[in-house]
Amino acid sequence: MSVTFEYLDVRREGAVEHVTLNRPDTRNAFNETVIAELTRWAGSAAADRTLRAAILSGAGTVFSAGADLTWMARMATQTRDENVRDALAAAECFEALDRLPVPLIARVHGAALGGGTGLAAVCDVVVADEGAVFGFTEVKLGIIPAVIAPFVLAKIGRSAARELFLTGARFTATRAREIGLVHAVVPSAELDATVTRYVQEVLGAAPDALAAAKALIRDVWTGPSPELMRVTAEAIADRRATREGQDGMRAFLDKVAPPWKATT
Ligand code: COA
């Protein structure tokens with residue numbers, strides 16, 4: 001594929017595509033452009049009959065710091081329709097990645113936070129550096145993990161979500177493996193070799209059978225529906241326009257404590 005992107009680095013190696021989130025200055029946080037590019041990439045990857053596997057990683061020091069909080073905060077200045085439409089585009093992006101007919105393997109190093117954890121959740125196999133940090137930090141920012149919720153809940157279940165969505169606490173790669181978000185935790189030096197081993201496994205699988213097995217998982221385990229996508233998109237669109245949401249995101253960007261920060 002010779003499509004070029006602003007924030008994605010796409011490199012083809014035989015039947016495998018390496019997709020790197022390439023916005024290291026903001027720790028690969030994604031805004032509307034990154035979302036559109038990922039959706040466009042997923043569309044062309046899904047149509048590419050020669051593609052057998054894809055690897056998703058992040059340039060620089062982390063996998064992804066999740067949603068770009070400058071972008072999220074800006075949405076409050078839009079009309080509600082625009083705000084919801086924008087959030088739906090994000091939901092559609094996660095959906096397109098989740099539905100890819102080829103295995104999507106995440107190579108997570110540094111951190112995967114908020115929507116970055118959501119990106120890991122739509123991957124079929126997640127290999128994490130033992131030092132990587134995870135977290136559904138949204139409530140600490142006055143917002144909620146909305147559009148990623150259907151994909152994350154399908155991976156980690158309600159119990160872990162209740163603890164982690166409500167505390168917003170950061171957690172280790174080992175914990176991420178315990179709750180089903182991550183499949184392999186390895187020292188940094190073994191990250192690439194472990195990803196390669198998974199790629200070799202899936203290259204040995206019949207491509208149509210593999211795609212059918214992946215589709216079956218969704219069919220058997222009730223997946224995110226268009227109605228649910230609208231519910232989650234409206235939930236984040238409304239939330240990021242609230243005073244709490246605005247205050248929380250601004251506090252992060254200004255590197256100060258949010259106004260609700262309390263101590264025991
Ligand atoms: N949205 C927008 N900007 C972000 C961002 C985000 N999600 N995450 C990081 N950035 C920006 C920072 O504001 C900073 O900008 P500056 O250089 O203009 O000051 C830059 O990226 C580097 O961030 P910094 O925190 O200094 O990097 P770090 O390497 O010390 O830490 C993280 C990396 C990912 C651990 C840290 O940035 C972080 O915790 N980010 C927030 C993640 C989060 O809670 N995301 C949930 C969003 S839904």
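A few notes on this one:
- Under 20 Å from Lys155, Cα to Cα: lysines that are on another chain or at least 8 residues apart: Lys214
- Cα-based radius of gyration for segment 59-130, normalised by 2.2 N^0.38 Å, reads 1.25.
- Shape analysis of segment 206-254 yields a ratio of the Cα radius of gyration to the Kirkwood radius, Rg/Rh, of 1.33.
- Value of relative contact order over the chain, rounded to a whole percent, pairs C-alpha under 8 Å and six or more apart: 20 percent
- In this label model, Glu178 and Thr222 are separated by 3.0 nm, measuring between points 7 Å along each Cα→Cβ vector.
- Qualifying aspartates and glutamates (Cα of each under 13 Å from Cα of Lys140; at least 8 residues distant if same chain): Glu244, Asp247
- Fully extending the segment from Glu234 to Glu201, taken as 0.36 nm per residue of separation minus the present Cα-Cα distance, adds 7.9 nm.
- DSSP-defined beta bridges in the chain - what % are antiparallel, rounded to 5: 30 percent
- Highest average packing first - 38-45, 58-65, 187-194, Cβ atoms within 10 Å: 58-65, 38-45, 187-194
- Summed side-chain charge close to Ala169 - residues other than Ala169 whose Cβ falls under 13 Å, Lys, Arg +1, Asp, Glu -1: +2
- Kirkwood hydrodynamic radius over Cα pairs of the chain, then Stokes diffusion coefficient at 10 °C and 1.306 mPa s, in µm²/s: 86 µm²/s
- The residues neighbouring Gly110, those whose beta-carbon lies less than 13 Å from its own, together hold a net charge of +1 under the Lys/Arg +1, Asp/Glu -1 convention.
- Integer Hz, Karplus 6.51/-1.76/1.60 couplings in order for segment 200-207, x for Gly and Pro: 4, 4, 6, 5, x, 9, 5, x
- Summing charges over neighbours of Ala206, with a neighbour being any other residue whose Cβ is under 14 Å away from its Cβ, gives +1 when K and R count +1 and D and E count -1.
Where a number appears in this text, it was derived from the coordinates with a stated rule and is not lab data. Note that the structure is a prediction, hence the values are computed from the model and not measured. Cβ coordinates were reconstructed from backbone atoms using ideal geometry, including for glycine residues, and neighbour counts include every protein chain displayed.
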